[in-house]
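Some notes on the structure that comes next.
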Amino acid sequence: MIITIIGLSSLAVGVLIGISGIAGFLLPITFGGFLGLPLADSLALAFLAFLTSGILGAWSYKKEGHLDMQLALPLCAGSVLGALGGVWLNTLIPVDIAKVLLYTVVLASGISILVKKDRQDPGKDRSPLTASKPFLLLMGAVTAAICSLTGAGGPILVVPLLALLGVDLRAAVGISLLDSVAIALPACVGYMGQVQGKNFLLLAAVCVATHAVGVLVGAKVAGKVNLKLLKWMVAALAIGASCYMLLKMVL
């Protein structure tokens, strides 16, 4: 039963990521919250999926000419360091507090998507900060630390920030997908060293395989889907799931 749910949820979230670049944050809340897997196992599985979708997605955006490497590289460099810091912080924080942080970040992410769902492309006028390597390194480190600590995924934080800085939305998604690889790689190494489940390798294989299929399918049908409706549905699901899990912990 657990294998089936992991396969279906990884497939569904992969499709959503392939279409819009968002929704990765739904995986750890499904694995840890609804299936009750140990937190380290949940985060290791989620970051394996993020690594998969990041590689496939970034390659696709690079082929289409929507990946600004000059902006992405310093952001990714900062993210590697930030991800390592987030994994280290997770070992110091009690499990219940880490779960509350995860659910809170997912709730905030869902609200952010809902608020921004009808906004238009911010335009081509970029902030001078996008040319500042120290700023991009700091931005990468901070966002990666939050992502690797909570399992929220990279694009959900990086895309809105890049959009606020005037980066084209398609370019922002492409950059965030490459950045998610920089976050996921060290996070995977860190959390896989803490895995407790005996069947983790089987669960990981199912998660990665189904997620990859989902991402490829999502990328193929992206042009046929109403993104506004999709983002509203993802936001509603994130808000509902996080509120349910927070309420369950309180009760």
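The values are calculated or read from the model by the stated rules, or taken from the named source; none is laboratory data. Remember, predicted model here, so these are calculated numbers, not experimental data. Here the Cβ is made from the backbone with ideal geometry for all residues, glycine too, and neighbour counts use every protein chain on show. These area figures cover heavy atoms from the full protein model, side chains too; ligands, DNA and RNA do not enter into them. Shrake-Rupley method; radii C 1.70, N 1.55, O 1.52, S 1.80 Å.
Here are some notes:
- Test result for S9, at negative phi, surrounded by fewer than 24 Cβ atoms within 10 Å (Cβ to Cβ), among the hydroxyl-bearing types (S, T, Y) and in contact with a Ser or Thr (Cβ under 7 Å, 6 or more places away or on another chain): yes
Here's the yes/no breakdown for (1) in a helix (DSSP H, G or I); (2) of a type in the set (K, R); (3) open to solvent by less than 60 Å² (accessible area, probe 1.4 Å); (4) out of contact with any helix residue (DSSP H, G or I) (no Cβ under 6 Å at 6 or more places or on another chain):
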residue: L56; (1), (2), (3), (4): yes, no, yes, no
residue: S60; (1), (2), (3), (4): yes, no, yes, no
residue: H66; (1), (2), (3), (4): no, no, yes, no
residue: Q70; (1), (2), (3), (4): yes, no, no, yes
residue: G78; (1), (2), (3), (4): yes, no, yes, no
residue: G82; (1), (2), (3), (4): yes, no, yes, no
residue: D96; (1), (2), (3), (4): yes, no, no, yes
residue: L101; (1), (2), (3), (4): yes, no, no, no
residue: V105; (1), (2), (3), (4): yes, no, yes, no
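- Number of positions in segment 157-185 that are open to solvent by less than 20 Å² (accessible area, probe 1.4 Å), under 18 Å from V142 (Cβ atoms) and either at pLDDT 90 or above or touching a Ser or Thr at 6+ places or on another chain (Cβ under 6 Å) (or both): 7
- Among the residues here, I111 qualifies as farther than 14 Å from G151 by Cβ, among the β-branched types (V, I, T), open to solvent by 10 Å² or more (accessible area, probe 1.4 Å) and at pLDDT below 95.
- Y244 among the aromatic types (F, W, Y) and either in a loop (DSSP other than H, G, I, E, B) or closer than 26 Å to L73 by Cα (or both): no
- Test: residue in segment 141-149 that is surrounded by 24 or more Cβ atoms within 10 Å (Cβ to Cβ), of a type in the set (S, T, N, Q) and in contact (Cβ under 8 Å) with a residue 24 or more places away in the chain: yes
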